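In what follows, a structure is listed as structure tokens, so that the remarks can point back to it.
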Amino acid sequence: MKRRRKQPTVRVRPPFKRGDVVYVISGDDKGRTGKVLRVMPDEGRAVVEGINLVKRHRRRSQEHPQGIIATVEAPVPLCKLRRHDPARKRPAGAK
């Protein structure tokens with residue numbers, strides 16, 4: 001039986017860096033803006049402040065004796081983000 005080789009992933013340089021303000025072009029958060037907290041170029045994703053919020057159930061600890069349901073930002077694919085142009089109030093490069 002032939003073994004399939006894993007295709008090498010192409011690493012694309014992200015169009016923005018930490019601290020940039022980005023605009024979401026599709027998905028549940030379409031039209032919202034937020035500041036980039038972390039960029040993961042190997043995975044093709046970025047974590048944006050206030051975008052793609054998910055609930056995480058945390059176990060009991062000394063800080064939270066009952067446990068807690070925390071709301072955290074999940075990574076968003078880079079293809080769904082565009083740099084925000086505050087002067088024009090729309091994504092940079094849009095007509």
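Just so it is clear, none of the values below were taken in a lab; they were calculated from the coordinates. All values derive from a computational prediction rather than experimental measurement. No Cβ is skipped: glycine too gets one built from the backbone with ideal geometry, and neighbour counts run over all protein chains shown.
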| task | For residue 21 and residue 72, compute 0.36 nm times the residue count separating them, minus their Cα-Cα distance, and round to one decimal in nm. | result | 16.5 nm
| said: If amide hydrogens are placed 1.01 Å from N in the peptide plane, which non-local residues have theirs closer than 5 Å to the one on residue 46? | reply: 40, 76, 78
| Considering the zone a paramagnetic label at residue 28 would reach in this model (a point 7 Å from Cα along the Cα-to-Cβ line), which residues of segment 47-74 have amide N under 12 Å from it? | 51-56, 72-74
| request: Go through segment 20-30 residue by residue and turn each phi into a ³J(HN,Hα) via Karplus (6.51, -1.76, 1.60, θ = phi - 60°); whole Hz please, and just put x for glycine and proline. | output: 5, 9, 10, 10, 8, 9, 7, x, 5, 9, 4
| remark: The set of residues whose placed amide H lies less than 5 Å from the amide H of residue 92, leaving out same-chain residues fewer than 5 positions away, is 83, 84, 85
